[in-house]
Amino acid sequence: MSGAARGVTGVVLAAFATVYLVGGSVLAPVVFALQLCYVLPAFRRRTSGRLWLLAAQAAVCCSAVYITGASVGILGFLGGSLLLTPAWPLAVPVAVGAALTGPVDSVISMVLMSLVIYGLTRLTERAGELDAARLGLTAAAVAEERLRIAGELNDGLGRGLAEITTGVRAALAEPERAEGLLAEVTRAARACLADARGAAASYRAMSLAPEVTTARALLTAAGVPVEVRIGHTEPLGAAGALLADVLREAVTDVVRRSTATSALIETGAERGRVRLRVVSDGARTADDESLGDLPGRIAEAGGTLTTGLTPEGRHVTEAVLPGLGRPGEPAGDRHSHLLAVVLLVTVLAGFSLKTLLLVPAGGVLPAAACLASVVVLQVRSVRGRHMVALAMMALLTYLPLLVFGRAWLGVAGFLAGPLLLAFRRGVAWPLVGCVTASVALTGTRLRLPLAMTVNYTVSTVVTGLVVYGLLRLAQIVDELQEAQRRLARSAVVEERLRAARDLHDLLGHSLAGMLLTCELARRLPAERVPAELENVLTMAERGEADLRAAVGGVGRMSLTAEAASVQAVLAATGIDARVSLAHDQAPAGAETTLSAVLREAVTNVLRHSDARSCAISTVAEDGGTRLRVRNDGARGLRGRRGSSGMGNLTARLAAVDGHLAVEASGDGWFELTAWVPHQRCEPRGTRRAARRSGAPGPDQPVRSTPPPSQCGRRPCDCGRSAS
């Protein structure tokens, strides 16, 4: 986008040079080329001192005026360059010299050109600065969010883990107090686990995207093909949390009905409101009480929640909420837009003064009133398309011609600029061409000399380009600032979701294992307690490492070590755990991802099944590693609420171009399969951040259905639309 800013500035500078080239100045192209050195980055780096460049510009401009007889207005190039440097006071002597040499009209042009060149160049520089700084500012936003997360988690979970470690060591050192200390350790582990799950939920609450991922995975696992269309902008804040609850309940109801054969999840945002729709077939009735107290909560937040049947018999759940999110969003820098508006008013006033110099004395007041109206309309229509203002400007451009004749001919340029801003190029340029042609035709009808008619015609285009350039550059700067904010917001959301995944999948598993082992140890004979306490101590140390990974975004896990750990946990609960690892040496990223998947899978075995046996296996397959976790005693997927675990796994695997598949059989067996490639084990979000310029991520609309599983079973969820 900074390239577009340089292009706009270059076009306006070329238009200025064209005016003097048409006027007969052969040095105009040289002046234009020297001025580009202040705009193009390659030349700016080589001319940082600019002293020789100023000297060259002074020599060429003065030669054009005092040797070849060009208009003194061409000195505006030199004046604008001086304003850009610490030598800006020298612009005053240049303007005085122009006033002593040329007519008032040309002197006004010189001053206005100096201001326009200064403004355009400054706005272009600002656009370049914003473009260059966007990734650095995004990294700073992520670092700030990471520090904030670290402060929150270290204050609570860090103290809790330290308390668990201290209590276990004390119990090992003082066996006679082991029973009481073990009760305290159990209480601390339970509190830590609740805190970890609460923190993970709060970090996910600002964004609806993780819940969309979970919903998609749940529907796919239940054999319901789903189409996902994401049209909202993250983060949503409180609105995201409410809509996530609605989506969770609606999708759970679809799965529970067991008659649906297709589903649609759609989000959108317009006029400050966020909309969520869940559509499915197989509906039984329009009266649906499965949403519980959500209608009341949505109403309290100023939104609406409705359910019903379409004429085709499809069930629709739709929630609409005000956009409550984006807390703490920066207000943005208004300096650039203010500079553009001030310069626009100055330029319009200067051009109006040039017009009034040609108006007979008796018509100055009416002409000034008309010109003032044009200036006001221009300023009021700097944003968006205002058709009424354009229509009034068109009337004030052409009707006064009947009264003021030639003096009013230059006002047409005031209309050309807003036309370029208000319409697409395919419409705007033909309209500007019509305005320009009308000036040439009017000059001919007024029987003006050919040179004067050409001058008015070219000036119309130049004036329009100046107005367009100033406002368009201000828009570009605003767009870059908004893109920067969106990129930072997206990166912060991704950081919060990463922390939530690590808390849920890694630290949550460690804490759940500690709690389970502590409760088991309290029921064991005294001679077996020390061995279990040693296991708790090992888990606590691992939990501290997991906490560091969650708050720092770094951490490496070994799949072999993780398999041994979960096997011990399963064995401690009486589950026959069989482990068969046959994968090749995998990259660190692939091992870490599959280790996290294994933790979450085993956690689900413990929480959502009455398993007696569990088989864990890995195999090298299709250029990657495939992990399978299969257990009996599954309580059934259809009756289970949507959980964050499935969405976390889907998002983790999608980030490294892997995929997930689950299968539940009627006899109680449940199998989870995850595959991760070896060649592209770096998270896709990391690769994308280096080249992203705008929102994104969860901001992008998606229309997709799950691709066929590469494992040859049932359709799997790759999570690429909502993660």
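The values are calculated or read from the model by the stated rules, or taken from the named source; none is laboratory data. Just so you know, these numbers come straight off a predicted model, no measurement behind them. Neighbour counts are summed over all protein chains in view; Cβ atoms, including those assigned to glycine, are modelled from backbone coordinates with ideal geometry. Protein only, heavy atoms only, side chains kept; ligands, DNA and RNA dropped before computing areas. Shrake-Rupley method; radii C 1.70, N 1.55, O 1.52, S 1.80 Å.
Any idea which of (1) open to solvent by less than 40 Å² (accessible area, probe 1.4 Å); (2) assigned to a helix (DSSP H, G or I) is the one Glu179 doesn't satisfy?
Failed condition: (1).
Just to be sure before I move on: is Val39 in contact with a helix residue (DSSP H, G or I) (Cβ under 6 Å, 6 or more places away or on another chain), within 21 Å of Ala451 (Cβ to Cβ) and modelled with pLDDT under 80 in the structure I sent?
So Val39 does not fit the description; no.
Determine the pairs where a residue that is within 27 Å of Ala634 (Cα to Cα), located within the stretch 575-587, has a partner that is assigned to a loop (DSSP other than H, G, I, E, B) and at pLDDT 85 or above with Cβ atoms under 7 Å apart, the partner being 6 or more residues away or on another chain.
Going by the 7 Å Cβ cut-off, the qualifying pairs are Ile575/Ala611; Ile575/Arg612; Asp576/Arg612.
Considering Leu547, Leu516, Leu537, which residue is part of a helix (DSSP H, G or I) and buried (at least 23 other Cβ atoms within 10 Å of the Cβ)?
Leu547
Mind checking which residues of the stretch 384-410 are open to solvent by less than 80 Å² (accessible area, probe 1.4 Å), farther than 30 Å from Glu479 by Cα and of a type in the set (A, V, I, L, M, F, W, C)?
Across the stretch 384-410, the qualifying residues are Leu396, Leu401, Phe404, Ala407, Trp408, Leu409.
Under 6 Å between Cβ atoms, which residue pairs at least 6 apart in sequence (or on different chains) link something in the stretch 19-30 that is open to solvent by 30 Å² or more (accessible area, probe 1.4 Å) with a partner that is part of a helix (DSSP H, G or I)?
Val19/Val458; Val19/Val462; Leu21/Ala28; Val22/Val458; Leu27/Val60; Leu27/Ala64; Val30/Val60
Here is a check on your reading of the model: is Ala269 touching a His at 6+ places or on another chain (Cβ under 6 Å) and either crowded, with 24+ Cβ neighbours inside 10 Å or over 19 Å from Arg652 (Cβ atoms) (or both)?
yes
Would you confirm, using the coordinates I've provided, whether Ser202 is open to solvent by 20 Å² or more (accessible area, probe 1.4 Å) and under 23 Å from Leu503 (Cβ atoms)?
It is true that Ser202 is open to solvent by 20 Å² or more (accessible area, probe 1.4 Å) and under 23 Å from Leu503 (Cβ atoms).
Those residues that are within 14 Å of Thr673 (Cα to Cα) and either part of a strand (DSSP E or B) or of a type in the set (Ser, Thr, Tyr) (or both), I need them from the stretch 582-615; list them, please.
If the condition is that a residue be within 14 Å of Thr673 (Cα to Cα) and either part of a strand (DSSP E or B) or of a type in the set (Ser, Thr, Tyr) (or both), then Thr593, Ser595, Cys614, Ala615 are the ones that fit.
Tell me which of these Ala58 doesn't satisfy, since it passes every other one: (1) aliphatic (A, V, I, L, M); (2) open to solvent by 10 Å² or more (accessible area, probe 1.4 Å); (3) modelled with pLDDT under 80.
Here Ala58 clears every test but (3).
Among the listed residues Glu534, Glu527, Glu562, identify the single one that is acidic (Asp, Glu) and within 21 Å of Gly589 (Cβ to Cβ).
After ruling out the rest, the residue left standing is Glu562.
Give, as residue ranges, the helices (runs of 4 or more DSSP H) completely inside the stretch 49-131 that count at least 3 residues that are under 14 Å from Leu13 (Cβ atoms) and in contact with a helix residue (DSSP H, G or I) (Cβ under 7 Å, 6 or more places away or on another chain).
Answer list for the stretch 49-131: 75-83.
Name the one entry in Ala70, Ala127, Ala59 that is touching a residue at least 60 places away in the same chain (Cβ under 8 Å) and of a type in the set (Gly, Ala, Ser).
Being touching a residue at least 60 places away in the same chain (Cβ under 8 Å) and of a type in the set (Gly, Ala, Ser) holds for just one of Ala70, Ala127, Ala59, which is Ala127.
Would you check if there is a residue in the stretch 552-560 being more than 26 Å from Gly623 (Cα to Cα) and either at pLDDT 75 or above or surrounded by 24 or more Cβ atoms within 10 Å (Cβ to Cβ) (or both)?
no
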